[in-house]
Structures are given as structure tokens and as C-alpha cells.
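Asker: Would you mind keeping the following structure in view while I ask a few things?
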Amino acid sequence: MLRNSLLGFLAVVVLASGAPAGATDYNNEVDIGILSLFWGNFNARYERNLNGYISLAAGGGFAPNGYLFIDHDDVDWKYYNVNGLVRFYPLGGFQRLYVQAEVNAEFHDLKDESTGDTATATWITPAAVIGWRWVVAERATITLGAGSGYASADITVGDTHLDTEGVRPRFDFNLGFLF
């Protein structure tokens, strides 16, 4: 009898609690770029769900020591970036498959510590990404995406000026939180 009462009570609690929350129950997400951490860039982004199918996002990041895997012992290198994007979720629900259009701007400041020479570089990269967002444990997100962008760089080193352009790959691996 006690067992049946407990089972009945648990059934009422489960039914009263409703379905687990999904991404559409939340309209905001913050995430951090995990791939960028591998080369020393701390990057974060805020995304706002507009209607379950379309979202807008903006973010930025910095690297206090340039890229980790490039030897630059005698160069003081600071890196900053900002980005803005729009995402379309064709399956709806602010999760699963998405198509993303974005614009990234990177700013590099370099100083040769032995000579005192300075350099600046600005990269502008419009890009397109296709990816997938998983919602885990109701609020945590894992995002994987890949695509490409067209990079345009304006680099000045002393009296030398260099403009460079080309297609670059674009990858995302982010961990986030819905609220």
C-alpha cells in the first residue's frame, strides 16, 4: 500500500512538472569559444533569440600574448576582435541545425622589443557557417560549426603597407548557457 502511494505521488509530481525545458523556453545565450582558447584567444558571445528561427549575436575577444603556437619571443603582440552575426534555425526552437552569416574584425598590435618598431594589422572577415547546437541538461549548449570567410587585411609595419585578401576556413566549437 505504501509502495503504491509513493508511486502515485511520484506520478503526480512528474505530470505536474511538465515537459523539460527546451531552448525555446530561453531567449538568451552566452557562450565561449573553445577552439580559440587553444591558440590563446579568450572569446565570448551573447546571442538573442528573436522568434525561435532567427537570432542575433555579438561578441569579442582578446589574446594578451598573440597566438600561442607562433614563436614571437622578442615581439610584444596584443590581439583583439569583435564580431556580429545573424543565425537562421530552419528546424526552429533556437537549437539544432543553423545557418550563420557573420562579420569579424581583428586588430593586431605588435612591437619589436629589440628595435622598438611597431606594426598594426586589421583583418575584416565576412563569413558563412553551417552548424549544430545541442542543448544539454536543459540550459547548457554545445555548438559545432564550419564554413569559410573572405579575409581582407590592412597591415602597416613602419613605412611598409600591405593589403592582403583571400578565403579562410572558419570553425566553431563553443560551450554556452541559456537564460
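The values are calculated or read from the model by the stated rules, or taken from the named source; none is laboratory data. Just so it is clear, the model here is predicted, and its values are computed rather than measured. Please note: Cβ atoms are built from the backbone with ideal geometry, for glycine as well, and neighbour counts cover all protein chains shown. The protein model used for the area step is the full one, side chains on, heavy atoms only, and it has no ligands, DNA or RNA in it. Shrake-Rupley method; radii C 1.70, N 1.55, O 1.52, S 1.80 Å.
Asker: Here are some conditions: (1) surrounded by fewer than 18 Cβ atoms within 10 Å (Cβ to Cβ); (2) within 22 Å of V167 (Cβ to Cβ); (3) at pLDDT 95 or above. V129 meets all but one. Which one does it not meet?
Answerer: (1)
Asker: Then there is this: Give me the strands (runs of 3 or more DSSP E) completely within segment 50-141, filtered to those with at least 2 residues that are more than 19 Å from the chain's Cα centre (by Cα), ordered by residue number.
Answerer: Correct list: 75-88, 96-112, 118-136.
Asker: While we're on this one: Residues in segment 133-177 that are modelled with pLDDT of 90 or more and either among the aromatic types (F, W, Y) or within 30 Å of T115 (Cα to Cα) (or both): how many?
Answerer: Going through segment 133-177 one residue at a time, the tally reaches 5.
Asker: While we're on this one: What pairs come up if the first residue lies in segment 116-136 and is among the polar types (S, T, N, Q), the second is part of a strand (DSSP E or B), and their beta carbons are under 6 Å apart, counting only those six or more places apart or on different chains?
Answerer: T118/K111; T120/D109; T120/T156; T122/F107; T122/D154; T125/N104; T125/G149; T125/A151
Asker: Oh, and also: Within segment 111-121, how many residues are open to solvent by 50 Å² or more (accessible area, probe 1.4 Å) and either of a type in the set (S, T, Y) or under 16 Å from A63 (Cα atoms) (or both)? Talk me through it step by step, then tell me what you get.
Answerer: So in segment 111-121, the residues open to solvent by 50 Å² or more (accessible area, probe 1.4 Å) come out as 111, 113-115, 117-118, 120.
Keeping just the survivors that are either of a type in the set (S, T, Y) or under 16 Å from A63 (Cα atoms) (or both) gives 111, 114-115, 118, 120.
Within segment 111-121, residues that are open to solvent by 50 Å² or more (accessible area, probe 1.4 Å) and either of a type in the set (S, T, Y) or under 16 Å from A63 (Cα atoms) (or both) number 5.
Asker: Exactly one condition in (1) modelled with pLDDT of 95 or more; (2) surrounded by 14 or more Cβ atoms within 10 Å (Cβ to Cβ) is false for Y79; which is it?
Answerer: Against the list (1) modelled with pLDDT of 95 or more; (2) surrounded by 14 or more Cβ atoms within 10 Å (Cβ to Cβ), Y79 comes up short only on (1).
Asker: Within the group E102, E138, which residue is out of contact with any His (no Cβ under 6 Å at 6 or more places or on another chain), among the acidic types (D, E) and open to solvent by 80 Å² or more (accessible area, probe 1.4 Å)?
Answerer: Of E102, E138, the one residue that is out of contact with any His (no Cβ under 6 Å at 6 or more places or on another chain), among the acidic types (D, E) and open to solvent by 80 Å² or more (accessible area, probe 1.4 Å) is E138.
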